[in-house]
1. Based on alpha-carbon centroids, what's the gap between region 32-88 and region 142-179 in Å, whole number please?
2. Check each of the chymotrypsin sites (Phe, Trp or Tyr not before Pro) in region 125-182 and keep only those in coil by DSSP with at most 10 other C-beta atoms within 10 angstrom; list them in order.
3. From the backbone phi of region 311-324, what are the Karplus-calculated ³J(HN,Hα) couplings (6.51 cos²θ - 1.76 cosθ + 1.60, θ = phi - 60°) in whole Hz, Gly and Pro given as x?
4. Specify whether the C-alpha gyration tensor of region 116-190 places it in the rounded, prolate or oblate class, a ≥ b ≥ c being the square roots of the eigenvalues: rounded for a/c under 1.5, otherwise prolate if a/b is larger than b/c and oblate if not.
5. Please label the shape of region 253-293 as rounded, prolate or oblate, based on the square roots a ≥ b ≥ c of the eigenvalues of the alpha-carbon gyration tensor (a/c under 1.5 means rounded; beyond that, a/b larger than b/c means prolate, else oblate).
6. Take the residue pairs Lys97/Lys121; Lys203/Lys288; Lys48/Lys116; Lys134/Lys203 and return only those whose Cα atoms are more than 25 Å apart.
7. Go through region 200-210 residue by residue and turn each phi into a ³J(HN,Hα) via Karplus (6.51, -1.76, 1.60, θ = phi - 60°); whole Hz please, and just put x for glycine and proline.
8. Going by amide H atoms built from the backbone, whose H comes under 5 Å of the H on Leu178, apart from near neighbours?
Amino acid sequence: MRAFFLIVVALQILSLSPQSATAQSCDGVVTPLAFFACFDDEVAALQKEEESLHQKDLASLTGGDRLAAAREQTAWTASLSARCDFDQLILGLLAAKDVMRGHRCLVEAYLSRIRKIVQSKHAIVSRIQDAPEKISLSTSFFTMVAARDDEPEASSELERIQQQYWFETFALFPPNQLQPRWTIAMAAYVSERQANDAARLAKTFAIAANPQVIRLPAGSSPDWVPVWDRPPISGMRKADHAYADRPSINQSEVMQKVVGCYNKRVKSDKLITIEEMFDCSGFWVTPKALMRCSLREQCPVYQDTVAGREALDRALQERGLNRGSILALWEEDVPAMPTRANIDRCRSHSIEAAFKDCVAQTIPQSRQNELPIASQSQPKGNGWRVSLIRSISQICNC
């Protein structure tokens, strides 16, 4: 509330000069549109993202197509003030609702524009920088959007995120002293401002409900390199790492194989060992991976490579299992889920990202990375919770 109060006070001294937000500085008298671009961090991040994507798209065009795209961008930018009714603002009579409406309008306008630009598949943004020779203030920050306990599960999550947000670049980092888990970054070795902008975009795009900005200690060795860094569309740029040559797998096909093999044995009232699952499906599956596969969201299996088998054995040993152990669903692997009451309460948020953030806040911090974020478009009540339980019930025949 204090932030909105300060915005209202600031807006009440604005001039309604017709200058564009991108053409003037943030000093002195500014227009309402420029004010949001200057002092609303979420809008400012979206504006920079939209402009960057537009420039990337423009660079891929020539001749008449390039000229048409440039004119379309100019016309769209010029229409923003009228689109959000900033031309109707009366000096000295602004209320908090005007500021909230303006913020919401600009966020939705920029998201809509970004969705249109990235349809070309040429506009791609990357904040994943190579490790510098020496860590400095401008190269010490990271933005993390997801973390998983093991490499296969993290790789599956990376594939899902990258497929959905093809216009961004992500990288998978192995555990180190700073981050004990496998971590997916949206920004790496960047400045604090760039990392914070990436975090705001991650929340607005609903990539992550609670992205983390971390900083490498001053003077630390820049030896944290990604397992892989996957630029969208053009394929995978492999890093110099033991797992970098691991072939990609089709998640949908893997899910069908794993669930099919498990159901076949269960329906015959037979148990299946981890080794027998491999013989049937061609993949090494842990109890936790089986749970994920059953939810039809991702299937973090281990492939039959030296590195894959070593990682499998480590994961099994943590639970006192081996390859000859019975493969079964464990209750502790069921993802955290919000209650019906909390989902319904959060529907008061009109913006999708705000709704998802609200839902995520109802889950304990330690389990938020497991949350299968709901959508406002899903049926009210406990529908998605029921779907999750139904998926588990089908695979365990219970």
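1. If you average the Cα positions of each part, the centres end up 30 Å apart.
2. Sites meeting the loop and neighbour criteria: none at all.
3. My calculation for region 311-324 gives 5, 4, 4, 5, 5, 5, 4, 4, 10, x, 10, 9, 5, x Hz in order.
4. Oblate, since a/c reaches 1.5 and b/c is not below a/b.
5. Note, shape of region 253-293 comes out rounded.
6. Check vs 25 Å cut-off fails for Lys97/Lys121; Lys203/Lys288; Lys134/Lys203.
7. Once rounded to whole Hz, the list reads 5, 5, 4, 6, 5, 6, 6, 6, 8, 6, 9.
8. The list, which skips near neighbours in sequence, is empty: none.
Only the coordinates and a few stated rules stand behind these numbers; no lab work does. On a predicted model such as this, the values are computed, not experimentally measured, just so you know. In this analysis, Cβ positions are derived from the backbone assuming ideal geometry, glycine residues included, and neighbour counts consider all displayed protein chains.
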